[in-house]
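The values are calculated or read from the model by the stated rules, or taken from the named source; none is laboratory data. Every value quoted in this text rests on a predicted model; they were computed, and no experiment measured them. Cβ atoms come from the backbone with ideal geometry, glycine included; neighbour counts cover every protein chain shown.
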């Protein structure tokens, strides 16, 4: 998306803080700190959808609009709902939607000309356009906090390999079969084809699903969006489950630890892996700071990044990740990160062979940390987004 430059006055940035998961709150705080570091005035506002809070917030927005001072509201995943606001009180807003837009189709009515949509994977831009949104779209990959000043050297890191995330579905188990049981058999056969396509070719999930349905004489456009979203969710979850199983099972017995929500089936099939219950997001980040290698498995972001990668680099962990066309533009395999290849055993052996090569690990994290600090913190994103905000507010004023 391109917006011509115009207004020279920086807008004030408003962050409504809602009751949400820890990761979302911490990410919002990191984003806010990024804008502060980029010399923007930032206002954090507590918000909920109770009528009295809605009226209070509406009054604040009205006051700000009357002042004619430029400002932008930032939220995540369309948490902030303008349904109760008069149209003349709907301000300019940026909403960062952290996954595929099909999962937010019920919120599409809340988009307006004053809404700029940020997406974490550049391939999702085509999905938005397929769903009828062709303007006010911008690729905003995941970012993170500034690097910590003195990360632990690798020799002092007691966790050899860490996966920080959820792992519930594993092929062949009852939960796996039950997850897709609500779909018609024809849709399930399309799911199988789409999953194979994604794993083999890194095809974007919505595209792979659409192609598989079309091969069966079905256009997704003829289906209810809720049905489309359900099919998409099964495809996405199966790809994630297969990918995580392939990678994490290869590290079983090599000092792998998992922290997150893990099903009994997964725990049973990884007998030589240490599994920790999710202790809270901040506590999990402390574990990241003690890890030599942090594993990332997110095929759905093969055209973007993930906060797991950013938080790992910020805390001095070596990143081993599913490949991404975006990441490969900045980080080189074997120098700053490890990318899992189709020959997974070769990738795993390469990583294991380096787990006690302290100089190599420290040099790798130093190089990755420098590149991360230069281009991938929220302050870097804020500088880029701020220019867009300033210009857009000018055009809409």
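Among 362, 343, which is the only one that is assigned by TED's automatic domain parsing to the domain that holds residue 286, farther than 16 Å from residue 144 by Cα and modelled with pLDDT under 95? First the steps, then the outcome.
Working: 362 fails: modelled with pLDDT under 95.
343 is the lone residue from the list that is assigned by TED's automatic domain parsing to the domain that holds residue 286, farther than 16 Å from residue 144 by Cα and modelled with pLDDT under 95.
Just wondering, is there one or more residues in the stretch 295-315 that are over 27 Å from residue 233 (Cβ atoms) and in a loop (DSSP other than H, G, I, E, B)?
Yes, there is a match, as at least one residue in the stretch 295-315 is over 27 Å from residue 233 (Cβ atoms) and in a loop (DSSP other than H, G, I, E, B).
Can you name the condition, by its number, that residue 253 falls short on among (1) in contact with a helix residue (DSSP H, G or I) (Cβ under 8 Å, 6 or more places away or on another chain); (2) not in a helix (DSSP H, G or I)?
With respect to (1) in contact with a helix residue (DSSP H, G or I) (Cβ under 8 Å, 6 or more places away or on another chain); (2) not in a helix (DSSP H, G or I), residue 253 is out only on (1).
Name the residue, out of 111, 80, that is at pLDDT below 85, touching a strand residue (DSSP E or B) at 6+ places or on another chain (Cβ under 6 Å) and surrounded by 13 or more Cβ atoms within 10 Å (Cβ to Cβ).
Of the residues listed, the single one that is at pLDDT below 85, touching a strand residue (DSSP E or B) at 6+ places or on another chain (Cβ under 6 Å) and surrounded by 13 or more Cβ atoms within 10 Å (Cβ to Cβ) is 80.
Does the stretch 170-181 contain at least one residue that is exposed (fewer than 15 other Cβ atoms within 10 Å of the Cβ) and closer than 30 Å to residue 363 by Cα?
no
Are there any helices (runs of 4 or more DSSP H) wholly within the stretch 340-397 with 2 or more residues that are under 26 Å from residue 156 (Cβ atoms), and if so which?
Working: elements: 344-352, 358-375, 378-396.
In the stretch 340-397, the matching helices (runs of 4 or more DSSP H) lie at 344-352, 358-375.
What is the number of the single condition among (1) modelled with pLDDT under 95; (2) surrounded by 14 or more Cβ atoms within 10 Å (Cβ to Cβ); (3) assigned to a helix (DSSP H, G or I) that residue 210 does not meet?
(1)
Here's a check for you: in the stretch 133-162, which residue that is in a loop (DSSP other than H, G, I, E, B) and without any contact (Cβ under 8 Å) to a residue 40 or more places away in the chain is surrounded by the most Cβ atoms within 10 Å (Cβ to Cβ)?
Filtering first and then ranking leaves 133.
Just to be sure before I move on: is residue 266 over 18 Å from residue 160 (Cβ atoms), surrounded by 22 or more Cβ atoms within 10 Å (Cβ to Cβ) and over 18 Å from the mean Cα position of the chain (by Cα) in the structure I sent?
yes
Scan the stretch 328-344 and report the pairs whose first residue is within 13 Å of residue 295 (Cα to Cα) and whose second residue is assigned to a loop (DSSP other than H, G, I, E, B), with Cβ atoms within less than 7 Å and a gap of 6+ or a chain change.
Short answer, once both residue conditions are applied: 337/331; 339/323; 340/322; 340/323.
Have a look at 367, 300 and point out the one that is crowded, with 21+ Cβ neighbours inside 10 Å and touching a residue at least 12 places away in the same chain (Cβ under 8 Å).
Going through 367, 300 in turn, just one is crowded, with 21+ Cβ neighbours inside 10 Å and touching a residue at least 12 places away in the same chain (Cβ under 8 Å): 300.
Does at least one position in the stretch 225-248 carry a residue that is part of a loop (DSSP other than H, G, I, E, B) and either at pLDDT 95 or above or at negative phi (or both)?
No.
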